[in-house]
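Have a look at the structure below before the remarks.
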Amino acid sequence: MALTYKARRRLSLLILLIGLPLYIVTSITVINWLERPSILLELFIYVVLGVVWALPFKFVFKGVGQA
């Protein structure tokens, strides 16, 4: 199912304004449950989680900045 440009723009805005903050809060909560690992491990986890969140939405964000 192909999304129109307008639908992709709206969906990407929804993901960035609602989904990303929820993902950030969830990630921080999980890290805090792990009893705060070493700073390098914590940095590695945040970098991995920062990349992983966007992979499922790659098709939505692709071409949104183009007119």
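Any read-out appearing in this document is the output of simple, stated calculations on the displayed coordinates, not a laboratory observation. Small disclaimer: the values here were computed from a predicted structure and weren't measured. Glycine gets a Cβ as well: all are built from the backbone with ideal geometry, and neighbour counts include every protein chain shown.
Restricting the trypsin sites (Lys or Arg not before Pro) of the stretch 4-67 to loop positions (DSSP other than H, G, I, E, B) with no more than 11 neighbouring Cβ atoms within 10 Å leaves 62. Most mobile of 41, 22, 14 per a Gaussian network model of the chain (Cα springs, under 10 Å)? Highest fluctuation of the listed residues: 41.
When the Cα atoms of the chain are enclosed in a convex hull and the volume is divided per residue, what value in Å³ results? Display every interim value, and only then the final one.
Numbers: hull volume 6.0 nm³, N = 67.
It comes to 89 Å³ per residue, whole-number rounded.
Take the Cβ-Cβ distance between residue 3 and residue 51 as r, set R0 to 25 Å, and report the resulting FRET efficiency rounded to the nearest 0.05. Before the final figure, lay out the partial values.
Details: r = 23 Å, r/R0 = 0.92.
The formula returns an efficiency of 0.65 here.
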